[in-house]
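In what follows, a single structure is set out as structure tokens and then discussed.
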Amino acid sequence: MYLTSSPIDVAKMLLEARASDGALCLFLGVVRNENEGRATVSIEYQAYGAMAESEMELVADGLRRDFPTALVSMRHRVGPLAVGEVSVAIVAIAPHRAEAFAACRAGIDRIKTTVPIWKREFHPDGTSDWVDPTKESEDRVIG
Amino acid sequence: MRIHLLYFASFRDAVGRDEEDRDLAAGTSVRALWQMLSREVPKFASFPSMPPAAVNREYARAETVLNDGDEVAFLPPVAGG
């Protein structure tokens, strides 16, 4: 299962290295206290659960194909999260750093593109918005 | 035939429900279903083009013809990560 409503156990994800691996790259997405200049007090991730699981598996399949030496594990939180909590974790383990970095970067980039997960940001005044990455400025979309 | 529609995130807010069943004429395509919904939901009518759609939990083309029992969802812009 790639999706979890419980805190992601990052330490456990780091224990999958094989004797032939010399590099481990970890990416954590963390809930920020603002977006596009508006303060955020908490967020909620909603997922199309069954499809999100299968789309995550397709991402994993693509990573195995494109980075055959890398072992990649991925987890994504759903439900309510507080500022500072880990929303997504990608661990890429490979014999050398180039594949580990590349597979890790590709993993998070592809998740953001295809996996049906949505983020609602709650503001200090009690209002909330669903985040639409297609309407954010370029630098935010890349980040 | 009858299909099962799911709504998520901003689309769920716009429609006011999570899911519903719909009876459709045989041969109805994904695009035709979107056009039908757009006539009912003002937010959908304001979109310049059809959003990504999923049939039975896989991304589907607008030309895809629906079958009895299909699970269909139109997907707002995803924002995982």
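Details
- Here the label points at A:Glu34 and A:Asp66, each 7 Å from Cα along the C-beta direction, are separated by 3.3 nm in the simple model.
- Neighbour-count order for B:Ser49, B:Ser29, fewest beta carbons within 10 angstrom listed first: B:Ser49, B:Ser29
- Principal-axis analysis of the Cα atoms of chain B puts helix B:30-40 at an angle of about 60° to the longest axis.
- Across chain A, C-alpha contacts under 8 Å between residues 6 or more apart give a mean separation that, scaled by the residue count, equals a relative contact order of 34 percent.
- Applying 1/(1 + (r/R0)^6) with R0 = 45 Å to the Cβ-Cβ distance of A:Leu58 and A:Val83 gives a FRET efficiency near 0.90.
- Summing +1 for each Lys or Arg and -1 for each Asp or Glu among the other residues whose beta-carbon sits under 10 angstrom from that of A:Arg110 gives -1.
- Environment charge of A:Asp66, counting only residues whose C-beta is closer than 14 Å and scoring Lys/Arg +1, Asp/Glu -1: +1
- Taking every C-alpha pair closer than 8 Å and separated by at least 6 residues, the mean separation divided by the residue count of chain B gives a relative contact order of 41 percent.
- Each residue, A:Ser5 and A:Arg18, gets one label point 7 Å from its Cα in the Cβ direction; the gap between the two is 3.6 nm.
- Proximal aspartates and glutamates to A:Lys135, defined as alpha-carbon separation beneath 20 angstrom and excluding residues fewer than eight positions away on the same chain: A:Glu34, A:Glu36, A:Glu44, A:Asp109, A:Glu121, B:Asp13
- Neighbour net charge for B:Met1 - beta-carbon separation under 9 angstrom, K R +1, D E -1: -2
- Centroid-to-centroid, using Cα positions, region A:38-93 and region B:47-81 are 21 Å apart.
- Unit charges at the beta carbon, dipole of region A:100-139: most positive-side option, A:Ser128, A:Val115, A:Ala100: A:Ala100
- Only the Cβ atoms of Lys and Arg (+1) and of Asp and Glu (-1) were treated as charged; on that basis the dipole of region A:1-104 about its Cα centre amounts to roughly 200 debye.
- Of the residues B:Pro42, B:Ala60, B:Val72, the one whose Cα sits farthest toward the positive end of the charge dipole of region B:2-74, with +1 on the Cβ of Lys and Arg and -1 on the Cβ of Asp and Glu, is B:Pro42.
- Order of B:Glu19, A:Glu99 - criterion: other Cβ atoms within 10 Å of each residue's Cβ, fewest first: B:Glu19, A:Glu99
The numbers here are math on the coordinates, done by the rules we state, and not lab data. Worth saying up front: this structure is predicted, and the values here are computed from it rather than measured. Note that we place each Cβ from the backbone using ideal geometry, even for glycine, and neighbour counts take in every protein chain shown.
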